[in-house]
Structures are given as structure tokens and as C-alpha cells.
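The values are calculated or read from the model by the stated rules, or taken from the named source; none is laboratory data. Since the structure is predicted, the reported quantities are computational estimates derived from the model, not experimental observations. All Cβ positions, glycine included, derive from the backbone under ideal geometry; neighbour counts span all protein chains shown. The accessibility values were calculated without ligands, DNA or RNA, using every heavy atom of the protein model including side chains. Shrake-Rupley method; radii C 1.70, N 1.55, O 1.52, S 1.80 Å.
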Amino acid sequence: MRLSRLTLLLTACALTALAAPASAQDGSPVAPPQTGNSQPAPSDPAIVIESEVVAPPSPAPVVPIPAEWSPVPTNEMGQSAYGLYLSGRLAALRGDSVKGADLLAQSLALTPEQPVVGEEAFRSGLFAGDLTTLAELAPSVQNIPLLAEAGRLVVIVESLNDGDPSASLAMLRARPFAEPFETIGRYLLPSLAAEAGDWGLALAPVVAAPSGIDTLVLRHQRVRLLESRRRFAEAEAEYRVLTASPLGAQLFAADYGRFLERRGRRDEALAVYEASLASQAPDPDAVTGRTRVLERSAPPPLPTIRDNAAFAIKLAAIQSAERRERDVSTIFLRLADSLGQDDEVALRLGLGLVALGQEVPAREAFGRVSRSNPILFAGAQFGLGLSYQRDEQSAEALEAFRLADTAAPAQAEVIFKLAQQLGALGRHEEALAVLNRASVNVAGQPAGLRFQRGVTLEALGRIEEAEAELWAALAAAPDEPGILNHLGYMWVDTGRRVEQGAEMLARAHAAEPENGNIQDSLGWAQFRQGQYDLAVETLEGAVSKEPANAEINDHLGDAYWQVGRRREAQWQWNRVLTLEPDAERRAEVEQKLVDGLSIAPPVAAGQF
């Protein structure tokens, strides 16, 4: 397995998750030494890694639904249960699971005998993160095994939040969880036992070689608890075992560095952080750790037991994400988030919610990532900017991209999106200034940055320079459809190299046949070459893919005119006026509706 490099933490699906290959372990496992009275008593139970098939809980009795509600259930505001239900569903569909969950819960309170409402309220609430309400709703989903298990997990975490760890531990030990919650149950057990005061169970040795992720996580839980009990020698021995494997070093090296800082061993901590940053999968926490040591700042505090529980849930969430169980992963992250503020959890939660189409709560999660770690903060602001872009909130997207760029100024993805957003707002000179920074406009820069510089230069009317940049981008990425499309269309539309541009557009269309914008470019190339019948066919396909695109509809109108289908041409041009075209296109279309189309002769084959 491999976690993301620092530069990739800023992409929308950047924080890749954990896999657990059996070959991740290098060398033989080393048993931690036992010293003096720190050795666990022989009676301490051992934590054994094993899988267990768990029977689903017995279904709860079903409360009959009334054949007719009379009078109609309403709340004190006069809102009906059905109205609240519809409003809740609508809010959830629009990406606001928090509001949706609240409205559905209100509807259920008025109609507790309605199982469909209870199920939908609980499902929506899982992504909203209101554990108190979810715990209250848990009985309503006892007849649905998967949701019943989720409800039990919610109640366990909520009991821990409420200061009742004994109740949490009792619920967990009463019956093992079924998948996909079995892993998180095992991960939580040591922390719940410690919080409940059962230190024999909490510090039980992990009876398994540290070669897989499950064992590593349980050993990590134990090492943190050993430190909290001031059993430092045992804790350090356990850390050495943990970080002996590539996977363990990737996951826990920064945590080991923090342990060394707390022991007053700054030089050793610095070496650990620098080794992480030099590895193929650097840990963002190593950035702040290194800075802290060099500035001789105070070491981070010892994690609380609730911090340990949250960390265990986070790792279970990452594993679920690796298995593409996005909904389960997001639920776990909500539970971890409820135990305390953690920037990485908030960032991952935002990414998970985006993947589920929950833009509003995703933005709330991104917005809670602090500035303490510049990489995580930049990643959150980048995700925030992308979310605002999707909702066409241009000013907000620009501000988020600026903040990401300030926090992590060397990130190509951020620079690209910042310049793109400035261009979308017509601020091309500013965009070019960003792309022409001395640290950006260098040999070997990503093709995407050259492409965006070419687009910006074209918008500024500097066509020769734009062509050179786009050609350089294509040389770096010769099969990239977006670059082929843009340069090819520029050559066709300006008449500079119509035949060569048409060939490039054909390649782009072959690579992405469902892309309506590329198909429009190809159709326009056919039009410019006088292949009007073929252009009509191609442009009709493009309009079917992008029916609300003013430019594509305009091109189809022109093609209809050239083949003698004048009424259809006028219909297309009139449609363009309903699609909010820019002022220049509107004026051109209005002129065509009055005078018809007058164009230059087609470019002959071989004319460049």
C-alpha cells in the first residue's frame, strides 16, 4: 500500500487509504522487552486478531401503521408530518444532509409508527453527524440488520461522548459487530476499556505478528495507552516494532516523533520527521513536527483516550475507503469527528461527503480545518474551492484557491485552479502573473500549467505566444484530449492550420467520444472545410450531449443554414438567445436572424 505524497494531498480524491498487503513487513517481528513490574500480569487477556461471523440481532416488533391519520399530524408551527418528510428528502437530494436529517427527524417525531420515515431519517442522520438524534433514532431501525449495527455503534460512541465508557464497553463486549463494523469494534475495544478503568483488558498484549494493518492499529492503541500509564520503556519498544515495517513507519512515524519530543529527545524526533519527509509517502504531520522541533516549541500533549478512540475510528474509515465503501467510511469519519477536532479527519470527511454528493456539509467540514498544518489546510481550501466551483460560486471559489495557494504555494494543482478561476472571472492578467511566477514557469513544469498559460495568452489576444505554449503542452502530453481539442479548435477557428487542427480534433473525439464540447469542435472543423452534411450530423450529436450550450447550438444553426435547412437554422439561433450567450455572440446571432449567414469560402484540403 502507499499513502499519498504531499503534493497529491491537494487533489479532490487525494488522501488515499490503507491497504494491508501481507508483504508490507520487512524482516522478522521483534518482541518488545519486558522490564521489572511493567510486565502484564499472566491473567491479562490477550487481544487476538480473528474474524467471527455474527448473527444479526433479533428484529424488533413492528408497530402497525394506522390506515388513516386523523387529524393530520402537525407540529407547533402547523407543519404536517408529510410536508416535513418531503422537505427533508428534498434537502438531502440537494446535498444538505444536515437539514434533511433534521426535517426527517421532525417528521418521525409526529409519526413514530412510520418505519420508512425512521429509516430515511436515520440514513440521512448518519451523514449529518448529529449523534444525539441518531442515538434516539436507533430503535427505529432495529429491523434492518445493517442499520441496526450502525445504530449500536452510534450509541457506543455517544455513550463515550457522554462520559459513560462503562456502558460503551458493556455494549461492545455483549456482542461482536458484524461486517462492515467488525473492524471498528476491535479497534475501539482498548480505548473503551481504558476509559472504563479496565486496564488489564486495555493493555492486553496483541497476539499476532505486526505484518497487517489490523495488528498494527491494535499495537498502536496499546503503545499510546502504555505511555499514558508512564510505562515509557515498553512504549518505546512497541514503537520500534511498529515502525520497523514500511507500512508501520508510514502510519506511525510522526506519532513516534511526538513521543520522542515528549521524552525530551528532540534530535531523535527531528531525525524521525526528516526520514518521513524523505520517504515515498511522507506524512503531513511530519511537516509540523519538524517545524516545531526546529523552532524549539513545546512538544504536543499526550493524546487523551478519546483521541486514541478517534484515531482508531479514522483508520477504520481509511480502510473502508480503500474498499470503496464510501458511505461506511464517511459514517466512521463522522463518529471520529464527534470525539474531538482533528484536521485530517475533517479533511477526509469533507472529501467523503463530496463523493456522496453532499456539498453543503462537505464545505462545513473543509471550513473547520485549521491553519496549523499548511498541507492539510491547503487541501481543505482546495476542496472548498472545487465545491464552490461546482455550485458556480465564483468569488468564493477564488478566495478558497487563494488561501490554498498561500498555504502551499508550490502545488501545481492549486496554481492551475487559481489561474483557471481568475480566467473565468475575466482577470487574465492576474492569471498570467500567477502562471509566470519564477517558481512556476520553469523547465519540466506540468503540461497542465503550460496549457492554462496558453489559454490565458489566447484570451489576452497574444495568439503567437498562446500557440507556442499550447504546442509545448501537447509535446509533453501528446494524447491529452483537452489539449488536442483546444489547440486544434484554435487552429480551425482562426484558419491558421485547419486541416492539421481537424486531425487533432478527430484524435480528441476518438479518445472521448461522449464529450459534447470536443464533438462540437470536430463538427466545426468539418464546417470550416466545407463538409456541411457531415458537420450537421456531428453537431447534432454534440447538441444532444450539451443541449444548453449556446456555442454548440449556434454552430448547428450555421450548419443547417449551409445545407438549406433555413427554418431549422433560425430555430437554433433563436434557441441560442435563450441560453444566456455572451454579448458578442448575442449580437452575431441577432444579425444572422435578420440577414442570414454569410461566411468565407471553406478552407481547401492542404491549405495551412
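Would you tally the net charge around D533, using a Cβ to Cβ cut-off of less than 13 Å, leaving D533 out, and scoring K and R as +1, D and E as -1?
Details: positive: R565; negative: E537, E540.
Counting the neighbours of D533, the net charge comes to -1.
Can you send over the carbon and sulfur percentage of the accessible area for region 281-343, probe radius 1.4 Å, protein chains only?
On the way: 1250 of 2590 Å².
Roughly 48 percent, rounded to a whole number.
Sort R323, R368 by heavy-atom solvent-accessible area, probe 1.4 angstrom, most to least. The partial results should precede the final answer.
On the way: R323 110, R368 70 Å².
Descending order: R323, R368.
With a 1.4 Å probe and every protein chain left in place, tell me how much accessible area S228 has, in Å² to the nearest 10.
In the full protein context, S228 sits at about 40 Å².
When the accessible area of region 406-494 is split by element with a 1.4 Å probe, what percent falls to carbon and sulfur?
Details: 2090 of 3810 Å².
Result for region 406-494: 55 percent of the exposed heavy-atom area is carbon or sulfur.
According to the square roots a ≥ b ≥ c of the eigenvalues of the Cα gyration tensor, what is the shape class of region 263-341, taking rounded for a/c under 1.5, prolate for a/b larger than b/c otherwise, and oblate for the remainder? Kindly include the intermediate steps, with their values, before the conclusion.
Numbers: a/c = 3.33, a/b = 1.71, b/c = 1.94.
It is oblate, given that a/c is not under 1.5 and a/b is not larger than b/c.
Tell me, what is the per residue accessible area of region 422-549 in Å², probe radius 1.4 Å? Before the final figure, lay out the partial values.
On the way: 5570 Å² over 128 residues.
That works out to 44 Å² per residue.
With every protein chain left in place, what is the accessible area per residue of region 180-297 in square angstrom, probe 1.4 Å?
Working: 3910 Å² over 118 residues.
Result: 33 Å² of accessible area for each residue.
Starting from the residue with the highest accessible area, list V498, V442 in decreasing order, probe 1.4 Å.
Details: V498 0, V442 60 Å².
Result, largest first: V442, V498.
Around Y187, what is the net charge, scoring Lys/Arg as +1 and Asp/Glu as -1 over all other residues with Cβ under 13 Å from its Cβ?
Details: positive: R186, R219, R222, R224, K314; negative: E182, D214.
It works out to a net charge of +3.
If I ignore ligands, DNA and RNA and count only protein heavy atoms, how much of Y489 is accessible to a 1.4 Å probe, in Å² to the nearest 10?
Answer for Y489: close to 40 Å² accessible.
How many angstrom lie between the Cα centre of region 245-268 and the Cα centre of region 528-599?
64 Å
If you count, for each residue, the other Cβ atoms within 10 Å and average over each peptide, how do 450-460, 515-525 line up from highest to lowest? Could the numbers behind the result be given before it?
Numbers: 450-460: 22.5, 515-525: 24.9.
Per-residue Cβ counts within 10 Å, averaged per peptide and sorted highest first, yield 515-525, 450-460.
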